[in-house]
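> The structure is given below, and queries will be raised subsequently.
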Amino acid sequence: MPDTKYLIVGSSHAGLAALEAIRLADAEGSITLLSKEGSLPYSPTVLPYVFSGMADADRVFLREDDYFKQMGVDFKRGSAVTELNAQKGQAVLETGETIGFQKALLATGARPQVPKIEGLSDCPFQVLRTLADAKALKSGMESARSAIILGAGLIGMHAAESLCEAGLQVTVVEMAGRVLPGYFDAKASGMIKSIFNEHGVKLLLGSPVTHVVANHNGCGVSLENGLDLSADMIMVATGVIPNWECLENQGIDGAQGVLVDDYMRTGLKNIWAAGDVTRSKSFFDNSPTYSGTLPMAVEQGRIAGASMAEDPGVKPFPGAVPLNTYSFFGNRSFSVGQAMATASGKKTEVNLIHIPSSNSYQKLVFNADRLVGAMGINSELDPGVLWRMIERQVELGDVKEAFAAKPKEIGRLLMNNLWR
Amino acid sequence: MYEIRFHGRGGQGAVLASKILAKALVEEGKHVKAIPAFGFERRGAPVAAFLRYDDQPIRKVTNIYNPDCIICLDPTLPNSVDIYQGMNPNGVLVMATKKDKKALNLPKGLSKIGLCDAFGIALSIFGRPITNSIMLGSLARTTGMVSLEALNKGMESVAFRDAALDKNVEAVRRGYEETRVY
Amino acid sequence: MGRSYHTIAFDAQKCNGCQECEKACAQAKAGVTDLVHSRIKVSPGRKEGEWGLALCRQCAQPLCVMNCPGGALSKDPVSGVVSWDESRCVGCKLCTLACAYAGITFNQATGQVMKCDFCGGDPACVKSCERGALQHLTGSDIYNEWGDLEDLFVPGISACLGCNSELLVRHTLRRVGPNTVVATPPGCIAGVGAVGVNGLTATKTPVFHPLLTNTASMLAGARRYYNRIGRDVTMLAFAGDGGAADVGFQSLSGAAERGEQIIFICVDNEGYMNTGVQRSSTTPYGAWTSTTPVGSVLRGKTRDAKPLPIIMLMHNCEYVATASTAYMEDYYQKLEKAILAAKKGMAYVHVFSPCPTGWRLPPARLIEAGRKAVQCNLMPLWEYESATGDMRFTHPVDNPLPVTDYLSMIGKYRHLSAEQTQHIQEHADRQVDLLRKFMQQRMDLAV
Amino acid sequence: MPKTIVCDGNEAAAWGVSRAKPDMVAVYPITPQSSLAEYVSQFVADGIIDADLMDVEGEHSVLSVLQGACLAGARTFTATCGQGLAFMFEPYFRTPPLRLPIVMSIVTRDGITPQCVWGGQQDAMTVREVGWIQMYCETVQEVLDTVILAYRVAEHRDVMLPVNVCHDGNYLSYGVEKVELPDQEDVDRFMGEKNTNWHVALDPERPMGVDPLTGGATGNGPALFVRYRKGSCKAMQNALQVICDVHREWGEQFGRHYAPLVEEYRLDGADFALVTIGSMTGAAKDAVDAAREQGVKVGLIKIKTFRPFPLEAMIQALSKVKAVGVVDRSVSFGWNSGPVYQETLSALYHLKERIPAVSFIGGLAGADITETHLQRVIDVTASLLQGHMPAQPIWLNEND
């Protein structure tokens, strides 16, 4: 007899969503939840706010101990898994302990990717993926007057804002030509950049780094364009790599994310995967894609759990949709779906509203009479409504015109009508 | 063994009388068996009851066919029923009637006859012709087989539906006192 | 898990876009009338006079909660309300991305998200809506109360596909609880194994097979003894219509007259469904059964059903009600009353119980048939309480559907002629009329 | 001190009930049982019987409420006869296999039709195969004592069966005699602990499914059913010993000794015997005594316990004589004789020597069985010894 029916490795959004989905279909099957952390579960997404002081590090936990008791879950903290063996149906922990399972979910997320830049490994740098990272960053910030951030993704931009608000001189170095290149088009990125600039954050875009050196009061960064920068602290925020190693040597390669099917199955017997550790099909073209967002982790976790528990109501994963919200310096923005598309050919149609006076920008992308993408800065649109319209492929038909004119109201009406 | 047969009409309490007598005789130290004759219980219909007593235990539970004593609670009954059937020729008759002995068509050879105007007494005590307790007094007077005290005791544990115990005690006494014994 | 909660329902037909609800919400939540603070949003539709609503649905598995990285959103397991904790909100707005209904939105005045919290159970918006477009539906938490109670019936019972007897028994037993003696005389409920088969039993309560004829008497005896020794043990019967209206009627009537403290539930499937679909006295006019067959001479039952609930009403039972598994909230409320009434005397509940097997009714349409029967006034739902003398419809049907809506669903009525259908329609009308007349006067049967 | 009372058999039964302290009594009137129901009701009204009075709508419910009460743990009593017993038959039939120790008097009555409200044993004899223990009384005193005794038998762990205490309608129901009423404390000592439902119960504190479907052509159902049946049969046989033990104990404590199963009367040196049951026995004993005085070597065998049938005791008694005359107060239609006669024949089969027996039927419809009738029984039975065998049955009351 295995020790547990369901083994969930990783206790963040994907793992917790899976756990709840399992319990909906199987009230009694034993569940073991492992976290490599010593703490209660928390979200990596909350870390920039811990760092910024917005969130209290002691109050960021997603669930309390009582919850696991009520759900009948054996929650083991400080249990890093070194091997998840499909053949043996057994997990090996760092401690050497083994746990037998019938079904396992890999929801170990990802860790910061450290770019191969000369000298970087010899230089003390900060990352932000764990609560410990956030605390280290926060204490490092207190003695620093300047900071260099490598990467203008969400983590880098959040960090830049926080460091700036803390009075540091901040420089962001980004290889790509615009900030948040994964979510925003040039126009929106430009607006975001301007706001950062107004707050004194220096953004060096299209600037690959050649090497890094540690110096007496911090470190120096040299760029390909010949510029040399120096700061008290340096932070690396250039993306993540999946924590997939426990599946190594079982015939799959998860270096770019463990590939999962529509039910989050890995291809290894009785092993599912969800969240930032996975690659899954794209909603738009079915190609394998790495999403790495919180909402996708939740979606995938729910499907994985339902599939593991053989819930007859399980629905296949519709595919990853790029999406996120982002707030900065009192502004807010969102991006859903194919938001960066430009009008091309007969099918794709873009509806744009830009009001510079209020820093407001709104973009809707249609493919024929379906909404496929939306983006907004300080827009009143409801990103959740738009996401579901995209995902459900709502045929707008004769409503399209009305929707384009009043997307907020008609969007709400449409979803209201779809509500069961 | 001494066998007594009660004759009356439904409502007059012949069965109850046999039961009271049984109780009274037990008070006197006798063994008894008493049963009613069985018919439909209707007011006014002729009814009979049987009682036998002895110093020895009695085993048989049968009707009485050759009574030593007949008690008739209703003066009109002999007109419709042969109350003397099977009677011991030397038996005793106790009858509710205001008539004189000579006016009655009695069998020959009776050893003792007690006559009592039970109707008259009953009407004066109860306002209704319930003659059973009166006739028990009459039987006591006629035969001496049972004392008034024993009869009174016998009545104490009986549920009278129509009259109080004290009226029945009076009825027994008057039956005893107003019986003419021949 | 699997809980039900109160909800605010929106009837778009009744909405005229007056936005009184938004004003009420803003007033309740921010103390001002500025609609920016309203958590309920009426939005104009495509056409003139069409209105939509954005409001938190307090989802069963709320995605906003799952998507909140700060643990600021949580669903209260008791009230079902998804609540937002300002002190834990980091302002990321992922919740607005998670919600498909714009139930949680950004408030420009406060710079924070906001959402409906049901005003602590008494929503201001609902009270402000004079047109009744908003309704605070509160009946559902009764399911939670019952769901929390111990299940006393075995999972997996050998009833016919679609039969509602398991639904009825399981839910009833949960509510009456383990301190109950259950009687199931011969019939479907005993037949599916409620008492058990060959030494195995299906309930966690004491349960037995009375005779078809003496259910009420046996329970009466047990109850009297428990009363005598000072134990308050509930006596519960699940009898079929045969065991109640036909051969079991004498003991039922006797027990009712004596005021025996029993909950007597007649599960009326309109005949002897357990023994091969023979007619009983509650089989309706026109219905096919194997003893009221349809042929060239006979065309189903020739007499109307015996109105047993009304007959029990005339016994002045402590409580009399009709019920249907198609209206479980109604049944729940009645069972609550029955439990209380049975502390004093007999509580008689007549449960209309369509039979997929014996009626030639597709199992999937069983509940629908139950609803139609009520909507056609063939099985009006009413109750009578002896304590107050009150009698009322619990689900009044102002505009009844024609009986054909119901009859056409059911195979046992397939052969009906127009005249027979007419008879059934008239019977339904007469019956409701009679009940109405009863209700117009106080039912002081006890006097 | 025991009290002397003078009462009829129905009242005596009610006094017996009072001493047995039932928790629940159920009543419904029927002649000649009605006054028993009335006495019991009155006793409850007067506090003489501390029980719940279930005044129900018919005999079917009378026994049904008692079944429910007994399953909940109550000691119970009721009485019926004739058509009441017939109407009660459905629950009556299932009381023994439910193993409920209910005590019920049958104030025996003849069966209809022709319409008849008088004594006879047709009712009790008709239900002799149903599984109730049946004890028949001879005297009013025995009625009182046997009602009490019956609980000890019924509630014995080796028995757990219902008991009918049968007393003859009219002759014992209304027959008045001197009766000793035992003291309550003495009876309490005799009765011991109540034991009504240790084996089967409708009690939330020990929930069980009572009377699940058992049988069918497959699985272990039939075998399980057989186990139940064998258990009931075994309990019946166990009852024989228990009845003896309880009667002996009763005699030792109260000084009234009854033959628990079969009474042998003057069998010593008897050539032949009468077999009697119930209230006819008193007159029969008188007849035997009278015949003995005439030099006729006749004895008497009285059956007290008819169910379970006291086979061994009957064999023992019958083996002492060379011929028997059996007097029945009912008929066995299919056998054209009386049921007691038929069962006596069954017992006779076990004797080494075959002896003749003759069936008499008397006392139907309230008729008297007098010494004269019994003298005839003696004469006819005596003639068997001379090889004479009359046409049977002999109807005693045919042309009285």
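> Quick one: C:Val65 ticks every box in (1) among the β-branched types (Val, Ile, Thr); (2) within 11 Å of chain A (Cβ to nearest Cβ); (3) in contact (Cβ under 8 Å) with a residue 40 or more places away in the chain except a single one, so which number is it?
(3)
> Output yes when any residue across segment D:329-340 is assigned to a strand (DSSP E or B), away from every other protein chain (no Cβ under 14 Å) and either out of contact with any Leu (no Cβ under 8 Å at 6 or more places or on another chain) or touching a residue at least 60 places away in the same chain (Cβ under 8 Å) (or both), and no when none is.
Checking segment D:329-340: at least one residue is assigned to a strand (DSSP E or B), away from every other protein chain (no Cβ under 14 Å) and either out of contact with any Leu (no Cβ under 8 Å at 6 or more places or on another chain) or touching a residue at least 60 places away in the same chain (Cβ under 8 Å) (or both).
> Mind checking whether some residue in segment C:229-248 is within 7 Å of chain D (Cβ to nearest Cβ) and in a loop (DSSP other than H, G, I, E, B)?
Yes, because at least one residue in segment C:229-248 is within 7 Å of chain D (Cβ to nearest Cβ) and in a loop (DSSP other than H, G, I, E, B).
> Here is a follow-up. Is there a residue in segment C:266-275 that is surrounded by fewer than 22 Cβ atoms within 10 Å (Cβ to Cβ) and either within 14 Å of chain D (Cβ to nearest Cβ) or within 27 Å of C:Leu378 (Cβ to Cβ) (or both)?
Yes.
> How many residues, within segment D:170-194, are touching a helix residue (DSSP H, G or I) at 6+ places or on another chain (Cβ under 9 Å) and assigned to a loop (DSSP other than H, G, I, E, B)?
Here the count works out to 10.
> Just for segment A:363-420: of the residues that are within 26 Å of A:Gly190 (Cα to Cα) and small (Gly, Ala, Ser), which one is surrounded by the fewest Cβ atoms within 10 Å (Cβ to Cβ)?
A:Ala405
> Keeping to segment C:40-78, report how many residues are buried (at least 17 other Cβ atoms within 10 Å of the Cβ), farther than 25 Å from C:Gln27 by Cβ and among the polar types (S, T, N, Q).
2
> For segment C:18-57, give me each residue that is closer than 23 Å to A:Gly384 by Cβ and in a loop (DSSP other than H, G, I, E, B).
The answer is C:Gln19, C:Ser38, C:Arg39, C:Ile40, C:Gly45, C:Arg46, C:Glu50, C:Leu55, C:Cys56, C:Arg57.
> Among the numbered criteria (1) crowded, with 17+ Cβ neighbours inside 10 Å; (2) more than 7 Å from chain A (Cβ to nearest Cβ), which one does C:Phe106 miss?
Unmet for C:Phe106, out of (1) crowded, with 17+ Cβ neighbours inside 10 Å; (2) more than 7 Å from chain A (Cβ to nearest Cβ): (2).
> Would you please name the residue that is modelled with the lowest pLDDT, looking only at residues in segment A:42-59 that are in contact with a helix residue (DSSP H, G or I) (Cβ under 7 Å, 6 or more places away or on another chain), facing another protein chain (nearest Cβ under 7 Å) and not in a helix (DSSP H, G or I)?
A:Ala55
> Filter segment D:134-155 for residues that are in a loop (DSSP other than H, G, I, E, B) and more than 11 Å from the chain's Cα centre (by Cα) and give the result.
D:Thr139, D:Glu155
> If you scan segment A:337-373, which residues turn out to be within 14 Å of chain C (Cβ to nearest Cβ) and in contact (Cβ under 8 Å) with a residue 60 or more places away in the chain?
A:Ala339, A:Asn359
> Need the failing condition index for A:Phe334 against (1) touching a residue at least 12 places away in the same chain (Cβ under 8 Å); (2) surrounded by fewer than 24 Cβ atoms within 10 Å (Cβ to Cβ); (3) in contact with a Leu (Cβ under 8 Å, 6 or more places away or on another chain), just the number.
(2)
> Tell me, please, whether a residue that is surrounded by fewer than 17 Cβ atoms within 10 Å (Cβ to Cβ), within 11 Å of another protein chain (Cβ to nearest Cβ) and within 17 Å of C:Ser74 (Cα to Cα) can be found in segment A:23-41.
Within segment A:23-41, none of the residues are surrounded by fewer than 17 Cβ atoms within 10 Å (Cβ to Cβ), within 11 Å of another protein chain (Cβ to nearest Cβ) and within 17 Å of C:Ser74 (Cα to Cα).
> Right, next: Under the condition of being surrounded by 14 or more Cβ atoms within 10 Å (Cβ to Cβ) and farther than 22 Å from C:Asn198 by Cα, which residue from segment D:187-225 is nearest to the other protein chains (Cβ to nearest Cβ)?
D:Thr196
> What tally of residues in segment A:285-318 results from selecting those that are crowded, with 19+ Cβ neighbours inside 10 Å and not hydrophobic (A, V, I, L, M, F, W, C)?
12
> Can you find, within segment C:204-226, the residue that is surrounded by the most Cβ atoms within 10 Å (Cβ to Cβ) among those that are touching a strand residue (DSSP E or B) at 6+ places or on another chain (Cβ under 8 Å) and more than 7 Å from chain D (Cβ to nearest Cβ)?
The qualifying residue surrounded by the most Cβ atoms within 10 Å (Cβ to Cβ) is C:Ala216.
> Further question on the same structure: Six or more apart or on different chains, Cβ under 6 Å: which pairs go from a residue in segment B:41-60 that's within 20 Å of B:Gln85 (Cα to Cα) to one that's small (Gly, Ala, Ser) and surrounded by fewer than 18 Cβ atoms within 10 Å (Cβ to Cβ)? Could you list them?
What qualifies is B:Ala45/B:Gly10; B:Val47/B:Gly10.
> With closer than 30 Å to A:Lys69 by Cα, aliphatic (A, V, I, L, M) and either touching a residue at least 24 places away in the same chain (Cβ under 8 Å) or not in a loop (DSSP other than H, G, I, E, B) (or both) as the only criterion, which of C:Ala60, C:Ala100 stands out?
Within the list C:Ala60, C:Ala100, the selection yields C:Ala60.
> Turning to a different aspect of this structure: How many residues are surrounded by fewer than 18 Cβ atoms within 10 Å (Cβ to Cβ), at negative phi and assigned to a loop (DSSP other than H, G, I, E, B) when one looks only at segment D:257-295?
4
> Identify all residues within segment A:183-198 that are in contact with a strand residue (DSSP E or B) (Cβ under 8 Å, 6 or more places away or on another chain) and either touching a residue at least 12 places away in the same chain (Cβ under 8 Å) or closer than 21 Å to A:Asn351 by Cβ (or both); write none if there are none.
Correct list: A:Tyr183, A:Phe184, A:Asp185, A:Lys187, A:Ala188, A:Met191, A:Ile192, A:Lys193, A:Ile195, A:Phe196.
> Go through segment A:374-390 and give me each residue that's farther than 25 Å from A:Ser357 by Cβ and more than 9 Å from every other protein chain (Cβ to nearest Cβ).
A:Ile390
> Next up: Quick one: count up the residues across segment A:87-108 that are of a type outside the set (S, T, N, Q) and either surrounded by 22 or more Cβ atoms within 10 Å (Cβ to Cβ) or closer than 18 Å to A:Gly15 by Cβ (or both).
10
> Out of (1) among the hydrophobic types (A, V, I, L, M, F, W, C); (2) touching a helix residue (DSSP H, G or I) at 6+ places or on another chain (Cβ under 6 Å); (3) part of a strand (DSSP E or B); (4) farther than 29 Å from D:Pro162 by Cβ, the odd one out for D:Ile301 is which?
For D:Ile301, the exception is condition (4).
> Six or more apart or on different chains, Cβ under 7 Å: which pairs go from a residue in segment A:259-274 that's assigned to a loop (DSSP other than H, G, I, E, B) to one that's of a type in the set (Phe, Trp, Tyr)? Could you list them?
Listed pairs, sorted by first residue: A:Asp262/A:Phe317; A:Met264/A:Trp272; A:Met264/A:Phe317; A:Thr266/A:Trp272.
> Determine if segment D:125-133 includes at least one residue that is away from chain C (no Cβ under 14 Å), more than 21 Å from D:Met236 (Cα to Cα) and not in a loop (DSSP other than H, G, I, E, B).
Among the residues of segment D:125-133, not one is away from chain C (no Cβ under 14 Å), more than 21 Å from D:Met236 (Cα to Cα) and not in a loop (DSSP other than H, G, I, E, B), which makes the answer no.
> Right, another one. I need the helices (runs of 4 or more DSSP H) fully contained in segment D:7-78, keeping only those with at least 1 residues that are within 14 Å of chain C (Cβ to nearest Cβ) and at pLDDT 95 or above.
D:34-46, D:59-72
The values are calculated or read from the model by the stated rules, or taken from the named source; none is laboratory data. Computed from a prediction, not measured in an experiment: that's the story for all the values here. With ideal geometry, Cβ positions are generated from the backbone for all residues, glycine too; neighbour counts draw on all protein chains shown.
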